[in-house]
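Here's the structure, in structure tokens; my notes come after.
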Amino acid sequence: MASTETPSPAKGRAGDDGGNHDLAGLEAGLDALDSVQTQRASFKEVLLEKVVPPLTAVALVLVIWQTLVSTEVTEEGSLPAPSAVWDSVSDLWMQGTLLEIVWTSVSRGLLGFLLALAIGTPLGLLVARVKFVRAAIGPILSGLQSLPSVAWVPPAVIWLGLNNQMMYAVILLGAVPSIANGLVSGVNQVPPLFLRAGRTMGATGLKGTWFIVMPAALPGYVAGLKQGWAFSWRSLMAAEIIASSPDLGLGLGQLLENGRNNSDMPGVFLAILLILVVGIAIDLLIFSPLERAILRGRGLLVKS
């Protein structure tokens with residue numbers, strides 16, 4: 001005979017409380033999985049992880065460099081001592097021309113990069129979003145990206161002469177394809193679900209591009225910007241080395257070429273080191289913080 005007993009109110013409340021407790025625990029666990037706890041690294045951690053390793057690498061390079069000079073592994077005059085390069089730095093600093101030389105090239109490079117950014121971004125969006133344009137221009141952009149920047153210097157000199165416009169033209173021809181291709185790559189990686197969700201909410205056309213496509217394509221776009229800056233800087237150095245003129249002012253490329261013409265190896269190494277330092281500084285001051293901000297916004301950066 002089936003039992004006709006019904007659960008007592010106390011038992012029912014106990015069961016409900018247990019279920020609610022389990023549900024609350026499950027929700028808390030899911031929230032903990034969804035959220036990524038970010039915390040600022042301490043000064044000691046920053047020092048050990050970001051400052052000490054590059055300084056150690058620089059010290060090691062200097063030791064090896066000085067050892068090669070002291071043991072006369074190479075012919076005399078082919079490899080200057082670090083102290084000779086430092087003397088060249090001191091001479092330029094005492095003359096008051098060191099910062100002027102660096103700024104001449106940096107200002108050209110940054111302005112050329114901004115122009116390339118203004119052209120490459122809409123071009124990349126057009127190639128990424130319009131099938132006909134992608135079929136027509138996509139292979140050309142890839143070919144231009146693989147073309148050495150130095151190849152554009154002779155025609156640019158013939159077309160525009162020895163002036164700053166020629167420098168900017170070489171930078172644009174070297175950097176625009178990289179920026180556009182980086183954005184195309186980023187757009188290609190946008191999940192179709194994002195686009196469908198955007199259309200459902202009314203984000204179509206330019207609104208969909210601004211609010212859906214561009215934020216989702218940011219990682220690829222920033223990678224393209226970073227590569228675009230590298231192409232801008234290399235293109236500028238090639239232009240300054242080949243097309244040197246007193247009217248253009250003295251930049252790092254001209255400094256390198258002057259050192260070669262005068263057989264001044266300390267001056268040559270000084271120019272090479274300054275070109276390297278500027279490239280590293282731009283990456284550390286602009287692109288690395290930008291990449292960290294994007295990763296942090298996506299919950300992919302645990303420590304900052």
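Structure values in brief
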item	result
Long-range Cα-Cα pairs in segment 195-271 (distance over 17 Å), rounded percent	63 percent
Cα-projected label distance for THR71 with LEU273, points at 7 Å along beta-carbon direction, nm	2.1 nm
Whole-angstrom Cα spans of segment 59-108 along principal axes, big to small	39, 20, 19
Packing rank of 210-222, 185-197, 144-156, 167-179, where each peptide gets the mean count of other beta carbons within 10 Å, highest leading	167-179, 210-222, 144-156, 185-197
Spread of Cα-to-Cα distances over 5 Å intervals beginning at zero, given as percent, for segment 133-262	2, 11, 16, 16, 14, 12, 9, 8, 6, 4, 2, 1, 0, 0
Karplus 3J(HN,Hα) series, Hz, for segment 116-127 with 6.51 cos²θ - 1.76 cosθ + 1.60 (x for Gly, Pro)	5, 5, 5, 8, x, 5, x, 5, x, 5, 5, 5
Label-point gap, in nm, between VAL130 and GLU100 - each point 7 angstrom along Cα→Cβ	4.7 nm
Segment 80-297: proportion of alpha-carbon pairs further apart than 24 angstrom, %	50 percent
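Read the figures in this text as sums done on the coordinates, not as results from a lab. Just so you know, these numbers come straight off a predicted model, no measurement behind them. Quick reminder, even Gly has a Cβ in these numbers, built from the backbone with ideal geometry, and neighbours come from all protein chains shown.
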